[in-house]
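Below you'll find the structure, written out as structure tokens, and then a few comments.
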Amino acid sequence: MGDFTPCGDRLNAEETGLLQNAEKMDLSVKGQAEYTALLHTVLGARYGSTPRAFVHTYGCQGNVADGERIKGMLAEMGYTFTDTVENADLVLYNTCAVREHAEDRVFGNVGALKNRKAARPGMVVALCGCMMQQPRVAEKIRRSYSFVDLVFGTHVIHRLPELLYRALCGRNRVFELPDEAGSITEGLPVVRDSSFKAFLPVMYGCNNFCSYCIVPYVRGRERSRMVEAVLEEARSLVEAGYRDITLLGQNVNSYGKDLETPVPFAQLLREINAIPGDFRIRFMTSHPKDCTRELLDAMADCEKVAKHLHLPFQSGNDRVLKEMNRRYTREQYLELIRYARQVMPELSLTSDVIVGFPGETYEAFQDTLSLVEEVGFTSLFTFIFSPREGTPAAKMPDPVSREEKGRWFRELTDLQERVASARNQKLLGKRFRVLVEGPGKKAGLLAGRTEGNLVIEFPGGDSLIGEFVEVVVTEALAWILRGQMEL
Ligand code: SAM
Ligand code: SF4
Ligand code: F3S
């Protein structure tokens, strides 16, 4: 690696010329392809051998899907990928802003790069994702993290070639953080983390503005991909041997409402189900206020759609739900669950819950516990409320201490463990079709997932990874099942 400084002053005549050309280029996908070609030349000259990129994504599956596109673009520029920041020529963190803890981890990891960068000035440090869309964060990076070369937001991922080129060859650090999302850019290359499980974004953004949530501020308004673009990606995944395809959106039931000819999500599901091949379809997330009977009927009808519904309820108390701006009641939620189970008796349900929302009392929290008991979820994602600057909930009086919320949180997770354990006991002796995902915790064991998203471990050889097998449950714990393969 050379001793140049990204964003520094060591451009040679050829590179200065390239940069001047680059500034005149358009920002379309075609324009980006030209930057990619330029980067090939620049990276080759700068790093000699193949440049290495360390890319780490925090947050939800939507962010993971963005990270896979980022890797796709980097691969086209000539980067290979490394699992450690040591010796990486590019370190890129794709960040999440949903809770304070997620942000703290990013600041910790980025801070740790300061000395590394001092020792290897040629390393490029880049930050992107939801956290960067918050002006206070971008300002902090600008002021206190001078070794960060490139910061870009959630709406300009497709412009990575141009932005990285500017960071490498320009004289200034690059901050590209527009507030507005443009139209969806199709056709980006993708390097997926798995060769048999894939995330397929069907829409971006969120219009719901739940009072605690930062996502609508950092991801913009809902934008749906065209049906044909989704179907084309789904078909190519199936052709490439993918067995488990998860359709992604913050609120998939809003899919298609913004298209010129609106298309309901239920119809999209039916069209993907009609693609020939042996694969499973999952989707997340569904918002209870828009989760229709039409969708549940489509799930029930479509044999490839996993009978697993992730339906976050957040709180079991009507007053708290109202303050959260969730726009459904406990009873409406329970009614949906009743209908879903009527049309899909084997349905596995999972959910998200927030503990300690401002103004939640211990009495109100009891309604969350009773709902968990009543529904019997397969698993729960539980979170202690984290105030997010700029959201209405961050300004609400919040008298309950962190310690107290911690006690409620443990009460909830203990209850869920009992509920899941009791539910799983009923699965003993049952046979499931399982997608083998990788090695289990102990040598000789494989780990896979049932249609209902339960993890099951069983003896077997690595050659089965990525395949469907039949497994009978022989042991049932709260978080995991154990079993034996059957032919
Ligand atoms: N769009 C999905 C929905 O509405 O169900 C959820 C998306 S959000 C990325 C995932 C989960 O994070 C939410 O369901 C909620 O439980 C949790 N969450 C969001 N904001 C939070 C906050 N400020 N504090 C604690 N948990 C939060
Ligand atoms: Fe956040 Fe609510 Fe949108 Fe989900 S639906 S992303 S919780 S605002
Ligand atoms: Fe986090 Fe952004 Fe997803 S805030 S949860 S990465 S949409």
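The values are calculated or read from the model by the stated rules, or taken from the named source; none is laboratory data. Predicted, not measured: the structure shown is a model, and the values here were computed from it. Cβ: placed from backbone, ideal geometry, glycine included. Neighbour counts: every protein chain shown. Surface areas here come from the heavy atoms of the whole protein model, side chains and all, with no ligands, DNA or RNA. Shrake-Rupley method; radii C 1.70, N 1.55, O 1.52, S 1.80 Å.
Observations on the model:
- Assigned charges on the beta-carbon of Lys, Arg, Asp, Glu; segment 345-439 dipole about Cα centre (debye): 480 debye
- Heavy-atom accessible surface of segment 301-379, averaged per residue, reaches 38 Å², computed with a 1.4 Å probe.
- Around the amide H of GLU451, modelled in the peptide plane, lie the amide H atoms of ARG433, all under 5 Å away and 5 or more residues distant in sequence or on another chain.
- The loop-placed trypsin sites (Lys or Arg not before Pro) in segment 28-65, going by DSSP, include none that has at most 10 neighbouring Cβ atoms within 10 Å of its Cβ.
- Mean ellipticity per residue at 222 nm, deg cm²/dmol - from DSSP H runs of n ≥ 4 across the chain, formula -39500 (n - 2.57): -11500 deg cm²/dmol
- Largest-first ordering by accessible area, 1.4 Å probe, given options ASP318, ASP352: ASP318, ASP352
- Among beta bridges identified by DSSP and lying wholly in the chain, the antiparallel ones come to about 35 percent.
- Using the alpha-carbon positions of the chain, Rg (one decimal) and Dmax (whole number) come out as 23.9, 72 Å.
- For THR361, the shell of other residues with beta-carbons less than 15 Å away shows a net charge of -4, using +1 for Lys and Arg and -1 for Asp and Glu.
- Each residue of segment 311-327 was assigned a 3J(HN,Hα) from its phi angle through the Karplus expression (A = 6.51, B = -1.76, C = 1.60, θ = phi - 60°), giving 10, x, 9, 6, 7, x, 10, 4, 5, 5, 4, 5, 5, 6, 6, 7, 6 Hz with x at Gly and Pro.
- Total formal charge among the other residues, if their Cβ is under 13 angstrom from that of LEU231, Lys/Arg +1 and Asp/Glu -1: -3
- Portion, in percent, of the accessible area of segment 293-429 that falls on carbon or sulfur, probe 1.4 Å: 51 percent
- Carbon + sulfur, % of accessible area of segment 194-265 - ligands and nucleic acids excluded, 1.4 Å: 55 percent
- Each Lys and Arg adds +1 at its Cβ and each Asp and Glu adds -1 at its Cβ; summed about the Cα centre, segment 433-482 shows a dipole of about 160 debye.
- By the compact-protein rule of thumb, 2.2 N^0.38 Å, the alpha-carbon radius of gyration of segment 242-329 corresponds to a ratio of 1.19.
- Total charge dipole magnitude, the chain, about the Cα centre, Cβ charges on Lys, Arg, Asp, Glu only, Debye to nearest 20: 740 debye
- Within the accessible area of segment 112-168 (1.4 Å probe), percent carbon and sulfur: 49 percent
- Cα-based Kirkwood hydrodynamic radius, segment 173-259, one decimal, Å: 14.6 Å
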